[in-house]
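Beneath this line is the structure, given in structure tokens, with notes to follow.
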Amino acid sequence: MSAASPIPYHPSVEQPRTDEDDIHAQMLATFAKIQNTTFEDYGRAVRGVHAKAHGLLVGCLEVLDDLPPTLAQGLFATPGSYEAVLRLSTNPGDILDDSVSTPRGLALKIIGVEGERLEGAEGTTQDFVMANAPAFTAPDDAAFLKSLKLLAATTDTPQVFKKAFSAVLRGVETVLESLGTKSPTLISLGGHPETHILGETFYSQVPLRWGDYVAKVALAPVSPELTALTGASLTVNGKPDGLREAVTGFFAEHEGVWELRAQLRTDEETMPVEDAAKPWPEKQSPYVAVARLTVPRQDAWSEDKVRRIDDGFAFNPWHALAAHRPLGSIMRARRAAYPASAGFRAEHSGCPIHEPGGSRLSN
């Protein structure tokens, strides 16, 4: 097999550990601690992570024509158009001012997807949950649990201290980046650069089945108005919801276009399935466009969208076709944690969490 040939999927690519059930139980208890704390603080239930949304968008995903057979898999096997919902967020489980600068996320829900589904995956949606770094901050669920417990311990810390800590971390991270390196730990704790969220490229970070193969996915901005925002500074001091205001201002004037891209697994050593913290080398297997996502001008934030999308939907990579089964330790942990988080919101808010049906969502 040549280096460029994708490796066929086989169940043996996953190697679950014997302690994962215990790790998952501790994770559920930690998420419950975070959500109970924020429920007491806000009087309403929010997500255990990525609690704060900065934009709620509706667009159209078009699968590209003439994809090569290795990429024309699952949802992408044939050309077609689908309605898509996007939720932009940042990663803490509490609602913070945007001057506490943390990593960004983008959850994508594709609606009306037909085909064999994963066990327990109701409806006709395909979800991709992404963040703005090519690899996850922890290699596996056990390591992530340690950082999650730290987040739980600091959830009730007054914002004034988080803001000051974030400013210090951003200064240190700026120095590191001037030396040609980055610290995912500093970034995750509040040292993310103060840049425009719409210029980011978002990555699944961890792999999934790509039909007969295995891949990671990314969503990259391609329209000139979006690419102009990549790395662009955005001052949010004195603007608690500065990222949301920036997203709303952009979509009041412009449409946005992204490419959904796939990176096929071509090397067992350099592209592990179980080590989520190791980025797959793009020189060995570049991300290749498989679909185009267009989001027209619209109101990116409204009471109606908050009710229908932010409160009413759960974004979960296990809402998926069998052809896009999530893989690896982090994804297995999400299978346990995400429904529990959504269930807490449903129980405490009185708003049932549901998958969108066949009717189209309005802007």
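Worth a mention:
- nm² value of the averaged projected area, convex hull over the Cα atoms of the stretch 1-100: 11.2 nm²
- The calculated 222 nm mean residue ellipticity attributable to helices in the chain amounts to -9000 deg cm²/dmol, summing -39500 (n - 2.57) over DSSP H runs of n ≥ 4 and dividing by all residues.
- Computed over the chain, relative contact order equals 26 percent, with contacts defined as Cα pairs under 8 Å that lie 6+ residues apart.
- Stokes-Einstein D in µm²/s, Kirkwood radius over Cα pairs - the stretch 1-56 at 4 °C with 1.567 mPa s viscosity: 85 µm²/s
- For the stretch 72-131 and the stretch 319-346, distance of Cα centres in Å: 12 Å
- Entry note, the stretch 226-363: relative contact order of 23 percent, from Cα contacts under 8 Å with a spacing of 6+ residues.
- Working note: Karplus 6.51/-1.76/1.60 with θ = phi - 60° gives the stretch 44-49 the couplings 8, 8, 10, 5, x, 9 Hz, where Gly and Pro are set to x.
- Local electrostatic count, Asp304, Cβ distance below 13 Å [Lys/Arg +1, Asp/Glu -1]: -1
- Residue-by-residue Karplus 3J(HN,Hα) for the stretch 22-30, coefficients 6.51, -1.76, 1.60, Hz, glycine and proline x: 5, 4, 5, 5, 5, 5, 4, 5, 6
- Annotation: amide H-H contacts under 5 Å for His319 (H modelled 1.01 Å from N, sequence separation of 5 or more, or interchain): Asp127.
- Stokes-Einstein diffusion coefficient of the stretch 269-363, Kirkwood radius over Cα pairs, 25 °C, 0.890 mPa s, in µm²/s: 147 µm²/s
- Heavy atoms of Glu122: accessible area, 1.4 Å probe, square angstrom to 10: 140 Å²
- Net charge dipole size for the chain [Lys, Arg +1 and Asp, Glu -1 on Cβ; Debye, nearest 20]: 440 debye
- Compared with the direct C-alpha span, the chain from Thr227 to Glu122 gains 34.2 nm at full extension, assuming 0.36 nm per residue.
- The alpha-carbon positions of the stretch 202-320 define a convex hull whose volume is 155 Å³ per residue.
- Local electrostatic count, Val273, Cβ distance below 14 Å [Lys/Arg +1, Asp/Glu -1]: -1
- Dipole magnitude for the stretch 63-144: about 160 debye, using +1 per Lys or Arg Cβ and -1 per Asp or Glu Cβ, origin at the Cα centre.
- Averaging 1/r across all pairs of distinct Cα atoms in the stretch 9-167 and inverting the result yields a Kirkwood radius of 18.5 Å.
- The chain gives an Rg/Rh value of 0.93, both radii derived from C-alpha positions and Rh following Kirkwood.
- Sites matching trypsin sites (Lys or Arg not before Pro) across the stretch 1-102 that sit in DSSP coil, with at most 14 neighbouring C-beta atoms within 10 Å: Arg17, Arg44
- Computed from label points 7 Å out along Cα-Cβ, the spacing between Ala252 and Lys146 is 4.6 nm.
- A convex hull fitted to the Cα coordinates of the stretch 71-128 yields 131 cubic angstrom per residue.
The values are calculated or read from the model by the stated rules, or taken from the named source; none is laboratory data. Being a predicted model, the structure only gives us computed values, none of them experimental. No Cβ is skipped: glycine too gets one built from the backbone with ideal geometry, and neighbour counts run over all protein chains shown. Heads up: the accessible areas ignore ligands, DNA and RNA and are worked out on the full protein's heavy atoms, side chains in. Shrake-Rupley method; radii C 1.70, N 1.55, O 1.52, S 1.80 Å.
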